[in-house]
Amino acid sequence: MMSSASSDKNRRIALVIGRFILAGIFLVSSYAKLRPQIPDTPWSVASVKTSLSFFAMEVNSFQLLTDGQVSFVAHTLPFAELILGLWLLSGWQLPFSAAGASVLLIGLFGVTVHAYMQGLEINCGCFGPGERLGPWSLVRDGSMLAFALALTVIAFLARPKRSGAAGAETGSRALA
């Protein structure tokens with residue numbers, strides 16, 4: 001039988017590994033969208049703008065948004081993924097960063113499933129240009145979503161319990 005201390009230690013290790021994996025997914029995804037898309041082009045503001053323009057074409061191919069919305073999504077999503085990846089990597093407020101990752105992945109997975117069900121033969125854009133939307137990308141994205149949801153649940157369950165008067169008061173209200 002596993003002790004409570006051993007169980008807590010295993011949970012903490014799983015959370016650290018899980019947040020590193022999820023952070024890596026978001027950081028790689030962000031990098032793939034921001035990196036220079038034209039071979040032998042150095043990093044610069046202009047190369048990032050060009051990369052975001054390429055990404056905007058992929059967002060537009062989903063046929064769900066107006067031109068203004070496409071531009072907004074294409075110019076904010078890679079940076080949101082970067083910030084979310086760094087937040088997950090830091091471990092600060094893990095239940096909330098994992099929940100943010102889950103919400104974002106729910107939206108992205110919903111969009112990719114919708115496009116696939118519509119029969120659109122497009123690039124996914126999840127990890128940069130050139131990746132066709134198909135069964136493999138749906139399985140991968142669904143797996144990432146399941147992983148993020150599991151991490152979110154574990155992170156919320158592993159939160160430290162309140163102690164003292166506030167904890168006793170909360171506990172007595174829960175029993176009432």
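Which of the residues spanning segment 113-133 are without any contact (Cβ under 8 Å) to a residue 40 or more places away in the chain and either under 18 Å from LYS33 (Cα atoms) or surrounded by 14 or more Cβ atoms within 10 Å (Cβ to Cβ) (or both)? Of everything in segment 113-133, those that are without any contact (Cβ under 8 Å) to a residue 40 or more places away in the chain and either under 18 Å from LYS33 (Cα atoms) or surrounded by 14 or more Cβ atoms within 10 Å (Cβ to Cβ) (or both) turn out to be VAL113, TYR116, GLY130, GLU131, ARG132, LEU133.
Residue count for segment 25-54 under the criterion of being in contact with a strand residue (DSSP E or B) (Cβ under 7 Å, 6 or more places away or on another chain) and under 25 Å from LEU89 (Cα atoms): the result is 3. Of all residues in segment 66-102, those satisfying the criterion of being without any contact (Cβ under 8 Å) to a residue 40 or more places away in the chain and over 29 Å from SER47 (Cα atoms) are TRP92, GLN93, PHE96.
Here is the figure for segment 1-47: residues that are surrounded by fewer than 18 Cβ atoms within 10 Å (Cβ to Cβ) and either free of Cβ contacts under 8 Å to residues at least 12 places away in the same chain or assigned to a helix (DSSP H, G or I) (or both) total 31. Considering segment 48-80, and only residues there that are polar (S, T, N, Q) and buried (at least 18 other Cβ atoms within 10 Å of the Cβ), the residue that is modelled with the lowest pLDDT turns out to be SER51.
The values are calculated or read from the model by the stated rules, or taken from the named source; none is laboratory data. On a predicted model such as this, the values are computed, not experimentally measured, just so you know. When we count neighbours, we look across all protein chains shown, and the Cβ atoms used for this are built from the backbone with ideal geometry, even at glycine.
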